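Colleague: My structure is below; once you've seen it, I'll send some questions.
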């Protein structure tokens, strides 16, 4: 059975936004799915409570790359509080849908963002001690 992807999914797979690493990131999150083998790593540069820059590296299928790309676009320039509200459903909607068997990719993107935000909070708390 062939899967059909929206034009936005195909675009974000073929031309992913914000790929790479941030050497001086102050929040890094890595998540993976043992079943499908996808691994996502998100890097955040947060200044004054705002996500100034975000990059990702994803090893996975086209849907995993597309959801990572879209998630970074959705949180760049947002406050920490706004980024914490990101859901996999919002990522799927922004991509004009995903095949049901690929929804887990959007869950990974949400988890990667939240893991990077959690890492940022831990680093901040450690600095304040």
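Please treat every number below as a calculation from the coordinates, not as lab data. All of these numbers come straight from a predicted model, not from anything done at the bench. Note that we place each Cβ from the backbone using ideal geometry, even for glycine, and neighbour counts take in every protein chain shown.
Colleague: Could you go through region 44-57 and let me know if any residue there is part of a loop (DSSP other than H, G, I, E, B), touching a residue at least 12 places away in the same chain (Cβ under 8 Å), buried (at least 18 other Cβ atoms within 10 Å of the Cβ) and under 14 Å from the mean Cα position of the chain (by Cα). Spell out how you get there, then give the answer.
Modeller: Filtering region 44-57 down to residues part of a loop (DSSP other than H, G, I, E, B) leaves 48-49.
Subsequent filtering for residues that are touching a residue at least 12 places away in the same chain (Cβ under 8 Å) retains 49.
Those still in the list that are buried (at least 18 other Cβ atoms within 10 Å of the Cβ) too: none.
The answer is no; no qualifying residue exists.
Colleague: Further, regarding this structure: Mind counting the residues in region 93-110 that are more than 9 Å from the chain's Cα centre (by Cα) and in contact (Cβ under 8 Å) with a residue 24 or more places away in the chain?
Modeller: Adding up the residues that qualify gives 10.
Colleague: Moving to a separate point now. Does region 79-86 contain at least one residue that is touching a helix residue (DSSP H, G or I) at 6+ places or on another chain (Cβ under 6 Å) and part of a loop (DSSP other than H, G, I, E, B)?
Modeller: Yes: one or more hits.
Colleague: For region 98-119, name all the residues that are in contact with a helix residue (DSSP H, G or I) (Cβ under 8 Å, 6 or more places away or on another chain) and farther than 16 Å from residue 72 by Cα.
Modeller: 98, 99, 102, 103
Colleague: Quick check on region 1-38: of everything there that is in contact with a helix residue (DSSP H, G or I) (Cβ under 6 Å, 6 or more places away or on another chain) and more than 20 Å from residue 92 (Cβ to Cβ), which residue is surrounded by the most Cβ atoms within 10 Å (Cβ to Cβ)?
Modeller: Step by step, filter region 1-38, then rank; the result is 27.
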